[in-house]
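Coordinate-derived values only; no laboratory data. Model, not experiment: these values are computed from the prediction. Neighbour counts run over all protein chains shown; Cβ positions are idealised from the backbone, glycine included.
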Amino acid sequence: MNRYSNIVLVGFMGTGKTAVGMALASELNLRFLDMDSVIVQREKKPIPQIFAENGEPYFRALERNLVGELAEQSGLVVATGGGIVLNPGNIADFARTGLVVCLSATPGAILKRVEHDTNRPLLAGGDKMKKITDLLNTRRHLYDAIPCQVDTTNLTVKEITGRISALWRGNTFAGATQFQA
Ligand code: S3P
């Protein structure tokens, strides 16, 4: 029996949370759940429309409630939204029972991955690279505070998945820094 109930992927937009989460769930035979998708389904409108019509605080409250629900469950791989770290209570709740892993990537790699995406209201319009670096700078300390880190810049989904499943299975691996048991 694993000492963690869930695996929770945290990180800035475009760091690979969804792609890695899906691969990880299939490899470990766990259930994949994407928080943004659940919110979209429940609200019956896309994320940019939720931000435009209800505002960001409303979206953050939906995230907060969903964290409460998911932290009580087990057998999940959860891909969180990039802003989940804004409320420290979210990470504290997930960390009570889950293995929380923060994915990171360089701003250049993030830009490449999100360049043509229209579904991220916080990066919409104007200079995307500037938006990414500005937002990353305001949040960096929050992402960096998570003990288990994987830099996805130069890794394939398979490599990232391999590292996280090794952690999950209780093995050690060289790629995760500062992981505290
Ligand atoms: C956000 C990231 C998005 C989504 C929303 C806000 C953020 O999720 O939750 O647009 O504040 O960083 P992804 O990280 O999956 O893009």
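Relative to the dominant Cα principal axis of the chain, helix 17-28 is inclined by about 30°.
Between helix 88-97 and the chain there is an angle of about 30 degrees, using the helix long axis and the longest principal axis of the Cα atoms. Distance between the modelled labels on residue 124 and residue 53, one decimal in nanometres: 1.3 nm (7 Å Cα→Cβ projection).
Between the listed residues 68, 78, 50, the Cα displaced farthest toward the positive end of the dipole of segment 43-95, a dipole computed from Cβ unit charges relative to the Cα centre, is found at 50. Between the helical axis of 128-144 and the longest alpha-carbon principal axis of the chain there is an angle of about 40 degrees.
Taking GluC sites (Glu not before Pro) that fall in a DSSP loop and have at most 12 other Cβ atoms within 10 Å as cut points, what is the longest piece of the chain between them? Looking at the chain, 1-71 is the longest stretch - no exposed GluC sites (Glu not before Pro) with at most 12 other Cβ atoms within 10 Å. How many percent of DSSP beta bridges within the chain run antiparallel, rounded to 5? Counting only bridges with both partners in the chain, antiparallel ones make up about 5 percent.
Evaluated with a Cβ-only charge set (Lys, Arg +1; Asp, Glu -1), segment 38-181 carries a dipole of roughly 180 debye about its Cα centre, given to the nearest 20. Think of segment 108-161 as having a plus end and a minus end, set by charges on the Cβ of Lys, Arg, Asp and Glu; of 157, 138, 121, 121 sits farthest toward the positive end of this dipole. Report the trypsin sites (Lys or Arg not before Pro) located in segment 34-78 that are in a DSSP loop and have at most 13 other Cβ atoms inside 10 Å of their Cβ, or state none. When the trypsin sites (Lys or Arg not before Pro) of segment 34-78 are filtered for loop state and at most 13 Cβ neighbours within 10 Å, 44 remain. Could you compute the FRET efficiency for residue 113 and residue 74, with r as their C-beta to C-beta distance and R0 at 45 Å, rounded to 0.05? It comes out at approximately 0.90.
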